[in-house]
Amino acid sequence: MPAMLPGAPHLARADGALRLGGVPLAELARRFGTPLYVYSQAAMLDALAAYQRALAGRRHLLCYAMKANANLAVLQTFARAGCGADIVSGGELARALAAGMPASRIVFSGVGKTRAEMRQALDAGVRGFNVESLAELQRLSAVAVELGATAPVSLRVNPDVDAGTHPYISTGLRDNKFGIAHDEALAAYRLAASLPGLRVTGIDCHIGSQITQAEPFVDALDRMLDLVAAVESEGIVLAHIDLGGGLGIRYADESPPAADALVARMLARLDARGFGTREILLEPGRSLVGNAGVLLTEVQYLKPGAARNFCIVDAAMNDLVRPAMYEAWMAIEPCVERAGPARVWDVVGPVCESGDWLGRDRALTVEPGDILAVLSAGAYGMTMASNYNSRPRAAEVMIVRGEAVLVREREVIESLFAGERLISG
Ligand code: LLP
C-alpha cells in the first residue's frame, strides 16, 4: 500500500473504513451495487483551484479535457466553476452543451474532425478549432464558407519534445500522428491566414499525458514561443497560447509537480520572454479528476493456484481498461479492512481474456463478498469503458457536499442490443 493514499485528503481511512468525501465506500457499494464509479466533487474542485490560483489575474481559460471523464455532472461542476472544455468529437460537443457548458468556452481538438463535426461546432459557435494538418485547414475553411461562417483557428504544433511518458500516451514527438511539425508550422500559418473561411486566433500544443516532470512543459513552451515570434513577424497575430494538458497524478509513488507550481513556472517563462500578457489556455484532464474517483468492485471468488492466486472481482477490463491497455498500476484497497495475514493476489475480472486484470501481485486480506476500491480511477475510467462481453456499463455516483448523488444509472442489458435488428425472412 502506498504511504499516503492517492486522492488524500478526500480519500481517507477511518476506523478501518475507506471513505471518499467522508462517505464510507462499502455503504455506497451496498446501496448502488457494483461495479460502481464514485467521484468526489470537492476533490475535483480542489484540483481545479490549484490551476485557478496560479492563473489569477491573468487572462486565461481552463478548458477541461473531457475525454478524461465526460459525465454530465462532472462537466456541470467544471462549467459552473468557470471552465471551458476541450473536446475531440461531435459526441463530446453534444455532451458539453447538454451539461450547460457555453459554446464560447469550448475548443475542438483532434486529428480527424469530419465535415459533419465541423458544421456542428460552427453552428454551436465554439470558441475555436485546434487544427492539426494542412488538409484540415482546407476542409475547415471550405465548410465555414459553405455555412457563411468564419472558423476561429489555432494550430496545434508538434514541438518534438519527449514527455517521458508511456509511448501510447505521448503525443509531442515527431513520429506521433498529432500536430503540425514545428518546421512546417510557419507555412501552415501562412496558409491559414490566406484561406477565406478562417480567422487565426492562436497557437496550441499538447505533448502527452501523465507527465511527471516540469521540464518537458517548459521545453515545449520555449519551442512554441520561438514560433509565436516567427509567425507574428509576418503580421499574423496569435492572441492566445494554448499549452494543452498532460500533467500527471500520483498512482503509486510518482511525484508530479503541483499544478500551481507548474503553471507558475510556465507563467514566469512567458513573462521572461515578453509574452506575459497573452491569453493562456490550458487543457488539463487527468490532473483535475483522476484522484477524485474510485471504482468499487465486489470480490466474487478466490482461486488460489500453484503458480498464481486469482481474486476474481465483478469489475473488468470493460469497466477500467487502463491496466490491460497500458499495464497501468492502480492502487487497490479493501473498503473495510480485515484482520489476518495477507496473501498475494492477481485481481482479475470475469472477461474472457487473460489480459483482463485490474492489478497483479497485490498483497490483500480478502474474502468473497468484500468490496475493493481501485483508486485514481476518476480519469480515463468510465470514458474508456466498453460493453465487451455484453457487460452493461457501471453506475456513477458523485459525492456532493457529503451526500451521494447517482449521476449515471447502471446501464440496462436490454439497451445493449436495442438498436440491433434480426434479419427477416
Ligand atoms: N488536450 C489534448 C489535445 C489531449 O489529447 C489530451 C489527452 C488532453 C488535453 C488531456 O490530457 P491529460 O491532462 O488528461 O493528460 N487514456 C490515456 C490518456 C490519453 C490522453 C489523451 N489525450 C490514459 O488512460 O492514461
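The values are calculated or read from the model by the stated rules, or taken from the named source; none is laboratory data. Here the structure is a predicted model, which is why all the values come from computation and not from measurement. Here the Cβ positions follow ideal geometry from the backbone for every residue, glycine too, while neighbour counts run over all protein chains shown. Areas reflect the complete protein model, heavy atoms only, side chains present, ligands, DNA and RNA absent. Shrake-Rupley method; radii C 1.70, N 1.55, O 1.52, S 1.80 Å.
In the range 50-80, of all residues being farther than 30 Å from Asp314 by Cβ and open to solvent by 30 Å² or more (accessible area, probe 1.4 Å), the one that is farthest from the ligand (Cβ to nearest atom) corresponds to Gly57. Candidates in the range 83-98 are the residues that are in contact with a strand residue (DSSP E or B) (Cβ under 8 Å, 6 or more places away or on another chain) and open to solvent by less than 40 Å² (accessible area, probe 1.4 Å); of these, the one that is nearest to Leu45 (Cα to Cα) is Cys83. Scanning the range 70-121 for residues that are in contact with a Gly (Cβ under 6 Å, 6 or more places away or on another chain) and within 20 Å of Val400 (Cα to Cα) yields a count of 2.
Residue check: is Arg223 open to solvent by 50 Å² or more (accessible area, probe 1.4 Å), touching a Pro at 6+ places or on another chain (Cβ under 7 Å), within 26 Å of Lys177 (Cβ to Cβ) and touching a residue at least 40 places away in the same chain (Cβ under 8 Å)?
Values: open to solvent by 50 Å² or more (accessible area, probe 1.4 Å): yes; touching a Pro at 6+ places or on another chain (Cβ under 7 Å): yes; within 26 Å of Lys177 (Cβ to Cβ): yes; touching a residue at least 40 places away in the same chain (Cβ under 8 Å): yes.
Taking the combined requirement at face value, the residue satisfies it.
Among the residues of the range 99-113, just one is open to solvent by less than 10 Å² (accessible area, probe 1.4 Å) and away from the ligand (no atom under 15 Å from the Cβ), namely Met101.
Give me the residue from the range 206-220 that is open to solvent by 50 Å² or more (accessible area, probe 1.4 Å) and more than 14 Å from the ligand (Cβ to nearest atom) and, out of that set, farthest from Gly274 (Cα to Cα). Write out each step before concluding.
First pass over the range 206-220, keeping only residues open to solvent by 50 Å² or more (accessible area, probe 1.4 Å): 213, 215, 219.
Next cut, more than 14 Å from the ligand (Cβ to nearest atom) only: 215, 219.
Working: Glu215: 20, Asp219: 16 Å.
Within the range 206-220, the match that is farthest from Gly274 (Cα to Cα) is Glu215.
Are there any strands (runs of 3 or more DSSP E) wholly within the range 263-367 with 3 or more residues that are under 30 Å from Arg58 (Cβ atoms) and within 15 Å of the ligand (Cβ to nearest atom), and if so which? Steps first, answer last, please.
On the way: elements: 279-282, 293-303, 310-313, 332-334, 343-348, 357-364.
Qualifying strands (runs of 3 or more DSSP E): 279-282.
Out of curiosity, is Arg401 touching an Asp or Glu at 6+ places or on another chain (Cβ under 9 Å) and either charged (D, E, K, R) or open to solvent by 40 Å² or more (accessible area, probe 1.4 Å) (or both)? In short, no.
Scan the range 16-24 and give yes if some residue there is at pLDDT 95 or above, among the β-branched types (Val, Ile, Thr) and open to solvent by less than 10 Å² (accessible area, probe 1.4 Å), otherwise no.
Of the residues in the range 16-24, the ones at pLDDT 95 or above are 17-24.
Next cut, among the β-branched types (Val, Ile, Thr) only: 23.
Filter once more, so that each one left must be open to solvent by less than 10 Å² (accessible area, probe 1.4 Å): none.
Within the range 16-24, none of the residues are at pLDDT 95 or above, among the β-branched types (Val, Ile, Thr) and open to solvent by less than 10 Å² (accessible area, probe 1.4 Å).
Tallying residues that are open to solvent by 40 Å² or more (accessible area, probe 1.4 Å) and assigned to a helix (DSSP H, G or I) within the range 231-262 yields 3. If the condition is being surrounded by 11 or more Cβ atoms within 10 Å (Cβ to Cβ) and under 15 Å from Asp314 (Cα atoms), then the range 383-398 contributes Ala385, Ser386, Asn387, Tyr388, Asn389, Arg391, Pro392, Arg393, Ala394, Ala395. The criterion of at least 2 residues that are in contact (Cβ under 8 Å) with a residue 60 or more places away in the chain and among the hydrophobic types (A, V, I, L, M, F, W, C) is met, among strands (runs of 3 or more DSSP E) falling completely within the range 1-102, by 17-20, 36-40, 60-65.
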